[in-house]
Structure formats: structure tokens, C-alpha cells
1. Considering (1) farther than 30 Å from residue 283 by Cα; (2) touching a Pro at 6+ places or on another chain (Cβ under 8 Å), say which one residue 112 fails and leave the rest.
2. From (1) hydrophobic (A, V, I, L, M, F, W, C); (2) under 30 Å from residue 261 (Cα atoms); (3) open to solvent by less than 40 Å² (accessible area, probe 1.4 Å), pick out the condition that doesn't hold for residue 351.
3. Only one of (1) without any contact (Cβ under 8 Å) to a residue 60 or more places away in the chain; (2) over 25 Å from residue 370 (Cα atoms); (3) open to solvent by 10 Å² or more (accessible area, probe 1.4 Å); (4) not in a helix (DSSP H, G or I) fails for residue 169. Which number is that?
4. From the list 334, 343, exactly one residue is open to solvent by 20 Å² or more (accessible area, probe 1.4 Å), under 27 Å from residue 309 (Cα atoms) and not charged (D, E, K, R). Which is it?
5. Are any residues in segment 1-26 in a helix (DSSP H, G or I), open to solvent by 20 Å² or more (accessible area, probe 1.4 Å) and touching a Ser or Thr at 6+ places or on another chain (Cβ under 9 Å), and if so, which ones?
6. Within segment 372-419, track down each residue that is under 26 Å from the mean Cα position of the chain (by Cα) and of a type in the set (Lys, Arg).
7. How many residues does segment 240-258 contain that are in contact with an Asp or Glu (Cβ under 9 Å, 6 or more places away or on another chain), open to solvent by 10 Å² or more (accessible area, probe 1.4 Å) and not in a strand (DSSP E or B)?
Amino acid sequence: MNPLSLIEESAKNFGDSVALHDLSSGRKIRFRELPDFLRVVIRNAADWVSSPLVTAMPSSFDHVALLLAASLSGRPVAPLSPRLPRMEILRRAAYVGAQGIYGASNFEKIVSPLRELNDVGTLIFTSGSSGPAKAVAHRWGAHIANAGGAKERIPLAPGCGWLLSLPLHHVSGISVLIRCLASGATIVIPDAACPLEAQIANRAITHLSVVSVQLERLLLARAPLQRLHAVLAGGGPTSASVVHRAIESGVPLHLTYGMTETASQITTTEKLTACPSRIHAGKPLPGRELRISPSGEVQVRGGILATGVLTSSGQLESITDAEGWASTRDVGTLNKNNELILLGRRDRMIISGGENIHPERIEAILSDVPGVVRVAVVGITHPVFGMRPVAFVTGNVNVESLRDFLGERVERFSIPDFFFPWPDSIPIDDPKIDYSQLTRLAETMAH
């Protein structure tokens, strides 16, 4: 199924149910109105000369409408973070062959090499955990397949509303659009002028996606998460203390694991009623096959996988082997209940003096320290040990207390050599951290 047939079928099946609800203006578009509304958006986009459509805009009603209209017209969409430096926005737009960029208030024409992107629905940039950003290409069918499997674990139907609380330049944001369109639920667009915790009480919202730092903030603010049908937490590890507090507070919490290359979710837990003795990411959703390679790497197969990664020459490079398996670069195990336990990233592992250090383990422990808001651990070069861990931390904390806390819980060689303040260049609430940027910064600060 493509977006055109999905939108038209949704208009027929869900009629008077609300498709789009903008909390800032109160504007609503019903499913039966959606196809004609999007065609008007296409006609009004006089400067729409780019293929694919590249946007660098905050999440908003207009942004959602533009992306859906582009998909309806058969154009690939490539949403970019508006927080990126201007030169990086231009570089990425040229990389995918765009002829212009839609910003928050203007359209800027650019010159770039044309690309033949047949049967591509989305181009989403991801840097993974390290290395340069790459454009992952998906057919819309992969997004729709992901939504279908996700619905089996977290039901969604007309009358439900999923808040678009994660950015549209991440696959987690795009997945909310597709889930709602396929289920007849409402895409609820937040009010950028209002704190997230203040919007949770709105009766239009029944479902919410968050990363760990958002969940912790909402718990601290005593947002009424208990009234929701489901809170889906992903985008990285969620500490045991946050999971425990959420469950104790009655939050209908689901943990999930996914990646850009799989159009979002791979595994998801049922609603947690007790904190597991070992935090896991749940069982594979329908339509996904999961296995652990002999080296311990998580591998996935199914219709949710990306078509490929766009190379600098404009070709799509496959992400699968001859049998259709894609390597995630994550290390993990499956417990006796077939639930996935993640141990860390292969490309983030720090080998120090012959010892393997998983940064995710250190981050999870430090996240349990009272006062810590967010933490990231990276490895830097060392003349004796090859590499050593360092940490970036934000919050009301004392460095020596962090060392002492770790000293009681990990091997001595796993304690970071330096604890740096969180850099201003990386937003604290960004669901995806560019670890390569942090590594470069740490190398400069340490040496």
C-alpha cells in the first residue's frame, strides 16, 4: 500500500473521525476531508520544485500537512532538523538531490545533482552512534508494515490521539503519522508555546511517545500520564529507576527498541506492571524476525527494513545480507521468554587496556544518581590504554559523588577519566545524540 491509497482508504473507512488536531490553534481536519485538504496544500506550494521534498522546520500543523501532501503526490520526503547548522542543512539537501528547502517561513532554492529515487517514500538522516550522517531510504510500505505490527502490541483506533512529541526528522516522529493514518486515530500536534507536561491533561491525547529524559521530566512534573492508554518509551536505554517510578505512579508504560533502518519499532513490551529484574525491550512485534549472531549482534529481518542507504553517487546500498538479515550493530541477548536484553552498541564499545567497556552500562548507572538529568559516555584516545571513557553530564551533581557512586558498582577501569559539563551545542532533550560530535569535543577538552 502507498500513501495515496492509505489516505484515501482512511478517508473512506474513518470518515468523521479527526485525522489532524492542532493544539495551538484548535484546528481539526477529519479523515473524509484529508485528501482534498492535502491536494490544496500541494497546489498552494508554488515553490514546490524539489524532489524529494526537504524540510527544515519544527513540528507544526503546516509541517505535518506538507509532509503528508508530498507523500500523496508521490514525492519522497526528507525532513531535517532545523537545529542543524545552515551549511549542514544545505549539504544534506544537496546530498539527496533536492532542488529546494522548506524552512519555517520560506522556501530556498538550491542547486544539486538530480537523483533517481524510484519507489522511495522517506529519506531520514541518521548518524547511528558514530560516524557521518547517512540518508536511510524507506518505501512507504515499510512504514505501513511497521505500524501494522506495532498495533498488535499497543492497540490504536478512532477516538485515540497520539501526541507528536518527537521530532519529524526522526523515524519515531514519522511513525506516529503512519500509525494514526492506518488506524483512524488522531495525529495530535503539540502547542510549541506550552510545556509538554501541561498538555498531557488534554483529552485529545491518549497515546504518547517519549525518550528517557522526557519521561523523567514528566514524572518530576507530576504530569497526569496515568490517564493515558499507553506511553511508549524508546530512543535509547531507560534507567531502572525511571521505569520503577513510572510503574509505581501508574503510568501505562511500554519499552521499545527500534532503529531508523527498521522504520521504528522492532520489539516492544506489553504494558509493564512491575519493574523487571533486568530491563528488557520486549518481544519482536509481528512481521519481524530477530536473531542473535554468533558474535552477539542483534539481527533483524522483515518487511519493515529500509530499501537501502543513499550513497554519495546517488545509489541505494542494501543494508541486508544475501538471506535478508540486517545487522543492527547492537549487542544483545534473548531471555527464556524471547525478550530482548540490550547490552550496548558494537561501534560504541570502548576497549581500554584490553578490557571491554560498554558506555551504555555506565550511562544507565549514572542516570540513577539523584540530580543527574542526562549523561553520555564516549571513548577518547589514550597513549597507554588505547582508549579511555569520559562522560558528559548535566544536572545538579558533584563529580566526586559520581566517581564514588560508580566505584561501588563497576570495575575501576570503567570509571570515566573526566566528567565534562553537557555542551550547549547539543540539546539536552534531543532523542538522538551525535556521539561522534561528543567524541571530537571530548578529545579537544581532554588534550
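The values are calculated or read from the model by the stated rules, or taken from the named source; none is laboratory data. These figures come from a predicted structure and were not determined experimentally. Heads up, the Cβs are rebuilt from the backbone with ideal geometry, glycines too, and the neighbour counts pull from every protein chain shown. Quick note on the areas: whole protein, heavy atoms, side chains included, nothing else; ligands and nucleic acids left out. Shrake-Rupley method; radii C 1.70, N 1.55, O 1.52, S 1.80 Å.
1. Every condition holds for residue 112 apart from (2).
2. (3)
3. Residue 169 satisfies every listed condition except (1).
4. Values: 334 fails: under 27 Å from residue 309 (Cα atoms).
Matching residue, one of 334, 343: 343.
5. Across segment 1-26, the qualifying residues are 4, 14.
6. Once the filter is applied, which keeps residues that are under 26 Å from the mean Cα position of the chain (by Cα) and of a type in the set (Lys, Arg), segment 372-419 yields only 374.
7. Number satisfying all stated conditions: 3.
Yes/no matrix, rows are residues, columns are (1) within 12 Å of residue 340 (Cβ to Cβ); (2) of a type in the set (Val, Ile, Thr):
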{"position": "271", "(1), (2)": "no, no"}
{"position": "278", "(1), (2)": "yes, no"}
{"position": "282", "(1), (2)": "yes, no"}
{"position": "286", "(1), (2)": "no, no"}
{"position": "292", "(1), (2)": "yes, yes"}
{"position": "298", "(1), (2)": "yes, yes"}
{"position": "305", "(1), (2)": "no, no"}
